[in-house]
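In what follows, a single structure is set out as structure tokens and then discussed.
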Amino acid sequence: MILQYQKPPKPLRKTRLKRRTPLHGLKRNPKTAGQWQKRANLGHPRIKQIPLPKLKKKLWKLLHDFVLVRDNGICVSCGKAGNQCGHYIKKSICNLMWQYRVENLGCQCVRCNVFLNGNPVEYRKWMIKQYGEDYVKWLEDVYHEKLPMSFNPREYIEGLIRSLTLPSI
């Protein structure tokens, strides 16, 4: 007797089943205890918001273009042609407000921004020349402060986008 190889059966596809309850899609109305009301009848449509990462990406694109135009595409650290936007206070160590402040940003070439890690000595000299020594010292003192509990990152980012976007005619 010759045995033939049989392929094992394919495993069943694991799908997530939505749990349905008898009251699925219904919401209890606290005003009228015991009665149920459909969500569609609540009277206020749900507004779909743009996800925060997409807003940050859009803001960064606007800021990048703004800084390149402001600095004429010249690296603030070495004076060569630059096409990147670098931070004076690194993005990883400052709070959200300072990540997107125009005063913390400058045009840099790839060599200074990536390979020299921002070239901080020359960048600081440019910052002092541009904004003054008092402002640079103040910036170095306050960049790490925690944001207040009332700070809303979505409103802050949307406000910056509105301020950087040209009104359409």
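The values are calculated or read from the model by the stated rules, or taken from the named source; none is laboratory data. Remember, predicted model here, so these are calculated numbers, not experimental data. Here Cβ is always computed from backbone atoms with ideal geometry, including for glycine, and neighbour counts include all displayed protein chains.
Miscellaneous remarks
- Residue that is farthest from the chain's Cα centre (by Cα) [pool: residues in region 85-118 that are closer than 18 Å to Val136 by Cβ and β-branched (Val, Ile, Thr)]: Ile89
- Pairs, first within 13 Å of Ile161 (Cβ to Cβ) and in contact (Cβ under 8 Å) with a residue 12 or more places away in the chain in region 46-57, second in a helix (DSSP H, G or I) and basic (Lys, Arg), C-beta under 9 Å, six or more apart: Leu52/Arg154; Leu55/Arg154
- Taking the criterion of being surrounded by 12 or more Cβ atoms within 10 Å (Cβ to Cβ) and either farther than 19 Å from Val67 by Cα or among the aromatic types (Phe, Trp, Tyr) (or both), the residues of region 124-147 that qualify are Trp126, Tyr131, Tyr135, Trp138, Glu140, Val142, Tyr143, Leu147.
- Scan of region 107-123 for residues that are surrounded by fewer than 16 Cβ atoms within 10 Å (Cβ to Cβ) and either part of a helix (DSSP H, G or I) or in contact (Cβ under 8 Å) with a residue 24 or more places away in the chain (or both), ordered by number: Val110, Arg111, Val114, Phe115, Val121
- Residue list for region 62-78, filter: surrounded by 12 or more Cβ atoms within 10 Å (Cβ to Cβ) and either without any contact (Cβ under 8 Å) to a residue 24 or more places away in the chain or in a loop (DSSP other than H, G, I, E, B) (or both): His64, Asp65, Asp71, Gly73, Cys75, Val76, Ser77, Cys78
- If you go through region 85-104 and pick out every residue that is closer than 18 Å to Val121 by Cβ and either of a type in the set (Gly, Ala, Ser) or not in a loop (DSSP other than H, G, I, E, B) (or both), you end up with 3.
- Odd one out for Gly82, checked against (1) under 22 Å from Phe115 (Cβ atoms); (2) under 22 Å from the mean Cα position of the chain (by Cα); (3) surrounded by 12 or more Cβ atoms within 10 Å (Cβ to Cβ): (2)
- On the stretch given as region 148-169, residues that are loosely packed, with under 10 Cβ neighbours inside 10 Å and either part of a loop (DSSP other than H, G, I, E, B) or at positive phi (or both) total 7.
- So Cys78, is it touching a strand residue (DSSP E or B) at 6+ places or on another chain (Cβ under 8 Å) and modelled with pLDDT under 95: no
- Of all residues in region 134-157, those that are within 22 Å of Ser92 (Cβ to Cβ) have Cβ atoms under 9 Å from Cβ atoms of residues that are of a type in the set (Lys, Arg) and in a loop (DSSP other than H, G, I, E, B), 6 or more apart or on another chain, in Leu139/Arg101.
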